[in-house]
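Taking it in order: structure first as structure tokens, then the write-up.
The values are calculated or read from the model by the stated rules, or taken from the named source; none is laboratory data. Note that this is a predicted model, so its numbers are computed, not measured. Note that we place each Cβ from the backbone using ideal geometry, even for glycine, and neighbour counts take in every protein chain shown. Heavy atoms of the whole protein, side chains included, go into the accessibility calculation; ligands, DNA and RNA do not. Shrake-Rupley method; radii C 1.70, N 1.55, O 1.52, S 1.80 Å.
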Amino acid sequence: MARHLITSALPYINGIKHLGNMVGSMLPADVYARYLRQRGHDVLYICATDEHGTPAELAAKERGLPVDEFCAQAHDAQKAVYDGFELAFDYFGRSSSPQNREITQHFARRLNENGFIEERAIRQVYSPVDGRFLPDRYVEGTCPHCGYDKARGDQCENCTRVLDPTDLINPRSAISGSTELEVRETKHLFLLQSKLQHEVEEWVARTSEMAPEWPQLASSIARKWLNEGLHDRAITRDLDWGVPVPADTWPELAAEGKVFYVWFDAPIEYIGATKEWSDKDPENRDWKSWWYESDQGENPVRYTEFMAKDNVPFHTVMFPATELGIREPWKKVDYVKAFNWLTYYGGKFSTSQKRGVFTDHALEILPADYWRYFLIANAPESDDSSFTWEHFTSTVNKDLADTLGNFVNRVLSFSKKRFGEEVPAGAEAGAPETKLGEEIAALLSEYETQMEALQFRKAAAALRALWSAGNSYLEEKAPWLEIKTNPDGAALTLRVAMNLIHLYSVISEPFIPASSKAMRSAFALPDDTATWVTAAEAKSLTFLPAGTPFTVPPVLFAKITDEDVESYKERFGSEAAA
């Protein structure tokens, strides 16, 4: 049994996330974690809200709340949505936790002891109107590289280039909107990434080329950053909310109220959240055995990260540089699963412009499994992909309602009507069943291969093919006709089809957990286990003994109508940004 540590990009505390955020990190991580658990592996899936930084302060101010109270409420609101999507985190923490504060300060002290942090006087944007220095995200303006007019002072979300506030054209305060900005001198801590460039290059080359190799998206972004050269980065900010600079190491900066930059402490929260999880049950949980390589013994951890492409530089270059500079055996990522962006009709999701589907609203109109399946089956792995209501409706109606849901309903309904409420015995399996078993085994092997390779669209295609194989078998045997001349043959057909339903309930679990549970609960089995069925076991299609009681579940998937689509378009928009 292997040990798998899984993390997904931390959702920022400011606001409910849209479907693109969901498919770009948390949902595929959940699918993979569920699959590994079913295969019997020891899995720890960790995530948390990213709570520090400028937007949290601005959002709290807008709501008229203290920032800590705002973050607590926002964390609970986000967690409720993720519960609705059935994201099976082992722990969903908070970057404002005492554990993250403790570990972040430890990292900073160690980096300083090893000569990788330096205090420097810099010139920083100051707003007389606001009466304060403006951290990078408090400054907005036009990106000098792509011309995007809403770039922030730390990064342009349009072209993903990392910026400094002084790089922006026509800068303005994000607090007051004032353009009367000055540049004054202040002191900050810098992480000397330039001194770690060679070590990071060696680590990226060694890790990204291991089998399976990192996706091209992740490796190309990492190498692009390294080719451009790592620059020393300021890791402190002038904010009221964040991990404080420890006074025992930097007393002057601590007295000035400096806190660590959110992108310094946020990746550390993966470790912090694991300690939060461990501290809930310290007798049975050991956080260091997951993160401290010297504590892993003969069963090392394999660490997989899930994130969208804009987060890749921080997790493949900047955070590894931090871990390397600490000179302690902290676990570094083994595999980075990076995603492109999901757009809404080719444009950006926008709350202010009421364009696109956000995760809380998605759950208001349709069950989570509809969204889970569509998003993973169309995950933006090789390129950006676009959400349209037409595509969504076609996928749900064809794959879920027609191919899977209809198969389950007609098999169980017909068998109940003709043979009662127990799995019928019928004749011995023949050539059609042998052929079906071989096809199912081959398709299940393909499904497993793609899941192991984290190729989610291909895995979804294999799962869909497994569902389709059952329909083809049913059409070929036509038990509604067979029963007229060969009742035992029809009973055999239905028994085999019921075994397929049970198989589907197990192997579909990572994608559609609620529907899978409904399928499993149709049969009176000893327990509601979702233990994986291997290709060799699937070949026989004999999971359910004759005589097993069953019930016909409610319709698994209701079709989306044209009227539904029109109402969704009216509510969420149907055009990209101009």
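Using r as the Cβ-Cβ distance of Asn114 and Ala2, and R0 as 30 Å, what FRET efficiency do you calculate, to the nearest 0.05?
0.40
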(request) Sort segment 129-170 into rounded, prolate or oblate with this rule: let a ≥ b ≥ c be the square roots of the eigenvalues of the Cα gyration tensor; rounded if a/c is under 1.5, and if a/c is not under 1.5, prolate when a/b is larger than b/c, oblate otherwise. (result) prolate
(message) Under a Cβ-only charge scheme (Lys and Arg +1, Asp and Glu -1), can you give me the dipole magnitude of segment 1-101 about the Cα centre, in debye to the nearest 20?
(response) 300 debye
(request) Report, in whole Å, the centroid distance computed from the Cα atoms of segment 231-264 and segment 1-47. (result) 30 Å
(request) Roll a 1.4 angstrom probe over the protein heavy atoms and tell me the percent of accessible area of the chain that is carbon or sulfur. (result) 47 percent
(request) Could you please put Phe116, Phe133 in sequence from largest to smallest accessible area, using a 1.4 Å probe? (result) Phe133, Phe116
(request) Please work out how much accessible surface Tyr447 shows to a 1.4 Å probe, ignoring ligands, DNA and RNA, in Å² rounded to 10. (result) 0 Å²
(request) Over the chain, average the accessible area per residue using a 1.4 Å probe and give it in Å², no decimals. (result) 40 Å²
(request) Can you tell me the 0 to 90 degree angle between the C-alpha axis of helix 456-477 and the longest principal axis of the chain, rounded to 10? (result) 10 degrees
(request) Report, in deg cm²/dmol and to the nearest 500, the calculated mean residue ellipticity at 222 nm for the chain, where each DSSP H run with n ≥ 4 adds -39500 (n - 2.57) and the sum is divided by the residue count. (result) -13000 deg cm²/dmol
(message) Can you work out the Karplus-derived ³J(HN,Hα) for every residue in segment 493-502? Use 6.51 cos²θ - 1.76 cosθ + 1.60 with θ = phi - 60°, whole Hz, and x for glycine or proline.
(response) 4, 5, 5, 4, 5, 5, 5, 5, 4, 5
(message) Could you tell me which residue out of Ala254, Pro215, Trp225 lies farthest along the dipole of segment 215-271 toward its positive end? Charges go on the beta carbon: Lys and Arg +1, Asp and Glu -1, centred on the Cα centre.
(response) Pro215
(message) Can you give the FRET efficiency to the nearest 0.05 for Glu476 and Thr531, using r as the Cβ-Cβ distance and R₀ = 22 Å?
(response) 0.15
(request) Compute the long axis of helix 216-228 from its Cα atoms, compare it with the longest principal axis of the Cα atoms of the chain, and write down the angle in degrees, 0 to 90, nearest 10. (result) 10 degrees
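With charges only on Cβ, +1 for K and R and -1 for D and E, what is the dipole size of the chain about its Cα centre, in debye, rounded to 20?
Here the size comes out at about 720 debye.
Treating the beta-carbon of each Lys and Arg as +1 and of each Asp and Glu as -1, no other charges, what is the dipole magnitude of segment 268-336 about its Cα centre, to the nearest 20 debye?
200 debye
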(request) Can you send over the solvent-accessible area of His231, 1.4 Å probe, protein chains only, in Å² to the nearest 10? (result) 130 Å²
(request) Starting from the Cα gyration tensor of segment 19-103, take the square roots of the eigenvalues, sort them a ≥ b ≥ c, and report rounded, prolate or oblate (rounded when a/c is under 1.5, otherwise prolate if a/b is larger than b/c, else oblate). (result) prolate
(message) Using only the alpha-carbon atoms, how far is helix 368-377 inclined from the longest principal axis of the chain? Give it as 0 to 90 degrees, nearest 10.
(response) 80 degrees
(message) Just to be sure I understand the curve: with the Debye formula and one point per C-alpha of the chain, what is log10 I(q)/I(0) at q = 0.12 Å⁻¹?
(response) -1.19
(message) Between segment 504-550 and segment 289-361, what is the separation of their alpha carbon centroids in Å?
(response) 33 Å
(message) I'd like the FRET efficiency for His41 and Lys458, computed as 1/(1 + (r/R0)^6) with the beta carbon distance as r and R0 of 25 Å, rounded to 0.05.
(response) 0.75
(message) For a quick check of understanding: with a 1.4 angstrom probe and all protein chains in place, what accessible area in square angstrom does Arg161 have, to the nearest ten?
(response) 90 Å²
(request) Please express the shape of segment 90-229 as an equivalent ellipsoid: the semi-axes are the square roots of 5 times the eigenvalues of the C-alpha gyration tensor, given largest first in whole angstrom. (result) 31, 22, 17
(request) Just list whichever of Lys288/Lys331; Lys224/Lys337; Lys61/Lys187; Lys309/Lys354 have alpha carbons separated by over 20 Å in the model shown. (result) Lys61/Lys187; Lys309/Lys354
(request) List the relative contact order of segment 386-545 as a percent without decimals, with contacts defined as Cα pairs under 8 Å and 6+ residues apart. (result) 28 percent
(request) Can you pull the one-decimal nm distance between simple spin-label points at Thr179 and Arg410, each 7 Å off the Cα toward Cβ? (result) 6.6 nm
(message) If DNA, RNA and ligands are ignored and the probe is 1.4 Å, what is the ranking of Lys288, Lys484, Lys258, Lys458 by accessible area, most exposed first?
(response) Lys484, Lys458, Lys288, Lys258
(request) Working with all protein chains in place, sort Leu541, Leu481 by solvent-accessible area computed with a 1.4 Å probe, largest first. (result) Leu481, Leu541
